[in-house]
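So the structure is just underneath, and the comments pick up after that.
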Amino acid sequence: MDLNRFEWLALRREEAVDPERVIVDAHHHLWDWRIGTYLAPQLLEDLTGSHNVVKTVFAECMSHYDTDCAEHMKPVGETGFVAGQAEWLDAAEGPTVAGIVSHADLMLGDAVEEVLAAHDGAGRGRFRGIRHATAWDASDEIHNSHCNPFEHM
């Protein structure tokens, strides 16, 4: 069976156990990559089923980085992009993206302040914090975090 992800997901639909329970989806991503697209319309489709998802929190995923700026500022592009997607969801009367968790390199020291201020502006009131993933292992068999951490970080 050679199905894409959306065809596979459509094979079975599960009903909500408690459809009245208010849910906040605390971690989702949005992207438009060669392996697939998952943007506000797809999120809306997923969240307007039998579950009562009223809010979401976006977690950074290295998508839509700004390519026309200093390296440390590139993640701010993702925050602005997600804020725009959130406004699309608002207009579609979908669940509210209540928070954006972005990336900033904490190894920048005091220079991280510039990045945080830029995220705050780009987030249009939705920026809530950052995630600097530090999962690391010496083994080549274990994939380290996308933030390229190092031992004892």
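The values are calculated or read from the model by the stated rules, or taken from the named source; none is laboratory data. Worth saying up front: this structure is predicted, and the values here are computed from it rather than measured. Cβ placement follows ideal geometry from the backbone for every residue including glycine, while neighbour counts extend to all protein chains displayed.
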Looking at region 1-37, which of the residues that are assigned to a strand (DSSP E or B) and either β-branched (Val, Ile, Thr) or out of contact with any strand residue (DSSP E or B) (no Cβ under 9 Å at 6 or more places or on another chain) (or both) is modelled with the lowest pLDDT?
Gly36
Of all residues in region 65-103 being touching a residue at least 24 places away in the same chain (Cβ under 8 Å) and in contact with a Gly (Cβ under 6 Å, 6 or more places away or on another chain), which is farthest from Val54 (Cα to Cα)?
Thr79
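Scan Ala92, Ala86, Ala111 and give me the residue that is surrounded by fewer than 16 Cβ atoms within 10 Å (Cβ to Cβ), under 17 Å from Asp25 (Cβ atoms) and among the small types (Gly, Ala, Ser).
Details: Ala86 fails: surrounded by fewer than 16 Cβ atoms within 10 Å (Cβ to Cβ); Ala111 fails: under 17 Å from Asp25 (Cβ atoms).
Just one listed residue meets the conditions, Ala92.
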In the list Leu9, Leu30, which residue meets the criterion of being touching a helix residue (DSSP H, G or I) at 6+ places or on another chain (Cβ under 7 Å) and either free of Cβ contacts under 8 Å to residues at least 24 places away in the same chain or surrounded by 10 or more Cβ atoms within 10 Å (Cβ to Cβ) (or both)?
Leu30
Per the filter on region 60-87, residues of a type in the set (Asp, Glu), within 20 Å of Gly125 (Cα to Cα) and not in a helix (DSSP H, G or I) are Glu60, Asp66
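Do we find that Asn4 is over 17 Å from Phe127 (Cβ atoms), in contact (Cβ under 8 Å) with a residue 24 or more places away in the chain and either in contact with a Pro (Cβ under 7 Å, 6 or more places away or on another chain) or crowded, with 17+ Cβ neighbours inside 10 Å (or both) in this structure? Outline the logic, then answer.
Numbers: over 17 Å from Phe127 (Cβ atoms): yes; in contact (Cβ under 8 Å) with a residue 24 or more places away in the chain: yes; either in contact with a Pro (Cβ under 7 Å, 6 or more places away or on another chain) or crowded, with 17+ Cβ neighbours inside 10 Å (or both): no.
In short, no.
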Can Val57 be described as of a type in the set (Val, Ile, Thr), over 11 Å from the mean Cα position of the chain (by Cα) and within 15 Å of Ile130 (Cβ to Cβ)?
no
Going by what's in this entry, would Asn148 be described as modelled with pLDDT under 95 and either closer than 25 Å to Asn52 by Cβ or surrounded by fewer than 15 Cβ atoms within 10 Å (Cβ to Cβ) (or both)?
yes
Every residue in region 104-134 that is touching a strand residue (DSSP E or B) at 6+ places or on another chain (Cβ under 6 Å), over 17 Å from Val53 (Cβ atoms) and part of a loop (DSSP other than H, G, I, E, B), please.
Ala104, Gly123, Arg131
Of the candidates His64, His103, the one satisfying the condition of being over 19 Å from Thr37 (Cα atoms) and surrounded by 14 or more Cβ atoms within 10 Å (Cβ to Cβ) is His103
